[in-house]
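Following: one structure in structure tokens, then a few remarks.
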Amino acid sequence: MSSPDHPTNSAVVLRYKDTDVAPRVVAKGKGLIAEEIIARANEHGIFIHQSKELLGLLMRVDLDEHIPPALYTIVAELLAWLYHIESEVARQKQTTPRQP
């Protein structure tokens, strides 16, 4: 059981391809597994969104299953926001002069 001083760490990884009908849960875990998921995301520069409520709902989805229709809107909004952030970062990299 976790206390307020030691919350349980959890993580869910979603993947969406153009050929998918909806995003899939491709990895999830708690504790050390969640820490490894987060560490790998950080190593690869993958943005980590923190939403306790959404995390709780996504943790209920089985591995390699599509998210349920009830989550389509919120996940679509999140993915659109992430694509926007990635585009802005890429644009800034292109306009920032490189140092010799």
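Quick rundown of the values:
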item: Helix 72-95 axis, angle to the chain major axis (alpha carbon atoms, nearest 10°); result: 30 degrees
item: Alpha carbon convex hull of the chain, volume per residue in cubic angstrom; result: 145 Å³
item: For region 10-95, size of Cβ-based charge dipole, Lys and Arg +1, Asp and Glu -1, in debye; result: 100 debye
item: Cα gyration tensor shape for region 47-100, rounded if a/c is under 1.5, else prolate or oblate; result: prolate
item: Over the chain: helical MRE at 222 nm, DSSP H runs n ≥ 4 each giving -39500 (n - 2.57), nearest 500; result: -14000 deg cm²/dmol
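Each reported figure results from applying straightforward, stated rules to the coordinates on display, with no laboratory input. Owing to the predicted nature of the structure, the values given are computational and were not obtained by experimental measurement. Cβ sites come from the backbone with ideal geometry, for glycine too, and all protein chains shown count toward neighbours.
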